[in-house]
Amino acid sequence: MIGTLEIENKSVVTSGVYERFFEQNGHLYHHILDPRTGYPLDNELDSVTIISADSIDGDIWTTLMYGMGVEKGCMALRSRPDIEAIFVTKNKEVVLSSSHLYRFTLLDSDYRLTGSTV
């Protein structure tokens, strides 16, 4: 467990590549695909958590944000104050797009907590 959320009356949905995957010939294959290539997306992320009013929005936005990555994802969310994201990177960084809808507490000292740089 990396951290905890304090939240009320919102949906929390996470998509990540840390559970559904396999390795072959030194390459990690997971279930979040790049629509341009059909192969698993390869970026800096391990997971994205979306906080929103509805789970269907969270499911859609987790996949979108995973594909966009941290910087583009945070920029896209600037126009959506009703949706917030928590990005977890492969280099153990936890990036909060903002934290108006929830309170996040980091529990794992191997990770570093930052806010959006966008």
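Data for the structure
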| read-out | value |
| --- | --- |
| Of residues in the range 26-65 being assigned to a helix (DSSP H, G or I) and of a type in the set (Asp, Glu), the one farthest from the chain's Cα centre (by Cα) | Asp57 |
| Residue that is farthest from Asp54 (Cα to Cα), among those in the range 90-118 that are out of contact with any helix residue (DSSP H, G or I) (no Cβ under 7 Å at 6 or more places or on another chain) and among the hydroxyl-bearing types (Ser, Thr, Tyr) | Ser109 |
| Residue tally, condition open to solvent by less than 50 Å² (accessible area, probe 1.4 Å) and of a type in the set (S, T, N, Q), over the range 73-107 | 3 |
| Matching residues in the range 81-118 - criterion: being modelled with pLDDT under 90 and in a strand (DSSP E or B) | Thr114, Gly115 |
| Where a residue in the range 59-72 is surrounded by fewer than 21 Cβ atoms within 10 Å (Cβ to Cβ) and its partner, wherever it lies, is of a type in the set (D, E, K, R), with Cβ under 9 Å and at least six apart | Gly67/Asp34; Gly69/Glu44 |
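The values are calculated or read from the model by the stated rules, or taken from the named source; none is laboratory data. Predicted, not measured: the structure shown is a model, and the values here were computed from it. Here Cβ is always computed from backbone atoms with ideal geometry, including for glycine, and neighbour counts include all displayed protein chains. We work out accessible area using only protein heavy atoms, side chains counted, and drop any ligands, DNA or RNA first. Shrake-Rupley method; radii C 1.70, N 1.55, O 1.52, S 1.80 Å.
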